[in-house]
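Read through the structure below, which is laid out as structure tokens, and then see the notes.
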2 protein chains.
Amino acid sequence: MEKIIIIEDEKDMVTGLKFNLEARGYQVLAAYDGEKGYRLALKEHPDLVILDLMLPKRNGYEVCKLLKEEIPSVPIIMLTAKSQEAEIVTGLELGADDYVTKPFGVLELLARIKAVLRRAQTGAKTPEVYRLGPLEIDFRKHSARKEGKPVDLSSREFEILKYFIERTGEIVSREDLLNHVWGYDSFPNTRTVDTHIAKLRQKIEADVDNPRHIVTHHGVGYEFLG
Amino acid sequence: MEKIIIIEDEKDMVTGLKFNLEARGYQVLAAYDGEKGYRLALKEHPDLVILDLMLPKRNGYEVCKLLKEEIPSVPIIMLTAKSQEAEIVTGLELGADDYVTKPFGVLELLARIKAVLRRAQTGAKTPEVYRLGPLEIDFRKHSARKEGKPVDLSSREFEILKYFIERTGEIVSREDLLNHVWGYDSFPNTRTVDTHIAKLRQKIEADVDNPRHIVTHHGVGYEFLG
DNA sequence: ATAACTTTGACATCGTGTTGACAACTTTTT
DNA sequence: AAAAAGTTGTCAACACGATGTCAAAGTTAT
């Protein structure tokens, strides 16, 4: 049974997460500030740490950095507020394995937990740079380049691309995208998705009229091909 | 006679369901909170449990999880309100076999009950990839290949094929197809079915004039042979 | 305040679903 | 056995919904 430590100062968040994670058979421990969380992690050697960025005593960066120094193998998922998006990069550079922006759906987090745990067990690391034909996507730096030249992807576009890449070869419905990329608390209509897909295609497809990476499945959704 | 347990706190809902299910020859038992429902199920070993998500004492998740631990084979259909849709997947992950969103039509629920019972009895789950001679059908990806080459199936064609495969060897009438693939609230004429069958045959039969997979039974319907 | 991004709605376009007509076929009736 | 009646196969035209595209309005970050 995998042991997960949550380091987060919002008690409601901890309660909810704990309930959901325990329901799925994980063993869950929690700490409400950075200092205690750090010590708890050292003592317990968890299989995964879920780490809030804003914390009393020691912030998420520090904890992340310290933890990775002591136990380099421990996987860390960071929780960040939307307004902290710019700081995701820093977090990833300090060694975090993934991040989830608040407010997030439980399912979203669960999916990432599963993914991170699976990678940790197989010894595979989160790939830092993803190559896609002439395109290069760097998840740590949140940047992309096409034929060596920087391509400007907005953060939404980035998240969509990330979601696609994590599901290469699967068919993803517009609802899937809305639920996972946008989150459970916003309800844009599905046309919004189309617009973003169109923009993404313009940026990453060689021939926009014959997309080879983001393919439409009429009436079903989109499929990403690497 | 199949035994069904309903765990649901809205008495009107229980009364209505009970009436409808008994009219169809099912034996029906009910409980009005999670705790009692759980105990009842343990004691009675029903063929199917219909489980509301929001319940007094123990919520649907808990009951689902507990039940599946005790009697892993028992099929469970979850009832959820629309606003709880995000949590559906959660339920499915905990082991529910299907879910129906309130408000639902009785026919809809009945159809699902039949489907779940049939699967439970034959022990057969719809396989993800189905092989059929030179044909390969991937239900998860909504895609098919013939001799390795991608075949373009529309969503309607897919649903029809799926329905056929689930009933391999049975004779399926046009009305069956209309009711189950199209749904109870749309009324195309039966010629529409023929047209779709014709298209399907063109796509999956080796010799369209001598169909070996989708066979016509004059005056009755079609039979699918694997 | 400005710029960048997101979202929405309008419109064009495309793929799919549906229908009806007719031919081919099967069954029933004479 | 032939004719009649009914069923099914096939096709093309039309209807309809889904998607692509764009501009404008709304929102957020700087």
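The table below gives the values:
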| item | result |
| --- | --- |
| Dipole of the protein assembly as shown, positive direction: furthest Cα of A:P46, A:I7, B:Y61, with charges on the beta-carbon | A:P46 |
| Mean separation of Cα contacts under 8 Å, 6 or more apart, over the residue count of chain A: relative contact order % | 12 percent |
| Mean separation of Cα contacts under 8 Å, 6 or more apart, over the residue count of the range B:13-71: relative contact order % | 31 percent |
| Förster-model FRET efficiency, 25 Å R0, B:T190 and B:S155, C-beta, rounded to 0.05 | 0.80 |
| For the range A:4-61, the spread of Cα positions along each principal axis, largest first, Å | 30, 24, 14 |
| Rh by Kirkwood over Cα pairs, then Stokes-Einstein D for the range A:24-87 at 1.002 mPa s and 20 °C, µm²/s | 177 µm²/s |
| Top of A:N59, A:N20, A:N210 by mean-square fluctuation, Gaussian network on chain A, Cα under 10 Å | A:N210 |
| Pseudo-label separations to other copies for B:F139 - Cα-to-Cβ vector, 7 Å, nm | 3.1 |
| If the convex hull is drawn through the Cα atoms of the protein assembly as shown, its volume per residue in Å³ | 173 Å³ |
| Across the identical copies, how the B:Y163 labels are spaced - nm, sorted shortest first, 7 Å along Cα→Cβ | 3.1 |
| Cα gyration tensor of the range B:131-226 - equivalent ellipsoid semi-axes, whole Å, descending | 21, 16, 12 |
| Residue-averaged beta-carbon neighbours from other chains (10 angstrom radius) around B:138-147 | 2 |
| Alpha carbon Rg of chain A, scaled by the compact-globule rule 2.2 N^0.38 Å | 1.05 |
| Neighbour-count ranking [beta-carbon atoms within 10 angstrom, fewest first] of B:D209, B:D138 | B:D209, B:D138 |
| Cα-based equivalent ellipsoid, the range A:54-98: semi-axes from gyration tensor eigenvalues, Å | 17, 12, 8 |
| Check: the range A:5-58 dipole with +1 on Lys, Arg Cβ and -1 on Asp, Glu Cβ, in debye | 160 debye |
| Net charge of neighbours whose Cβ lies under 15 Å from the Cβ of B:N210, counting Lys and Arg as +1 and Asp and Glu as -1 | -2 |
| Inter-copy spacing of B:W182 label points, which lie 7 Å from Cα along Cα→Cβ, given in nm from shortest upward | 3.2 |
| Listed pairs B:K18/B:K68; B:K65/B:K114; B:K11/B:K36; B:K114/B:K141 exceeding 18 Å between Cα atoms | B:K18/B:K68; B:K65/B:K114; B:K114/B:K141 |
| Alpha carbon centroid spacing (whole Å) that separates the range A:156-226 from the range B:184-226 | 34 Å |
| Acute angle (nearest 10 degrees) that the helix A:106-122 long axis makes with the longest principal axis of chain A, alpha-carbon atoms | 80 degrees |
| Shape box of the range B:136-176 [Cα atoms, principal axes, largest first, Å] | 31, 19, 15 |
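Coordinate-derived values only; no laboratory data. Here the structure is a predicted model, which means the values were calculated and not measured. Cβ atoms come from the backbone with ideal geometry, glycine included; neighbour counts cover every protein chain shown.
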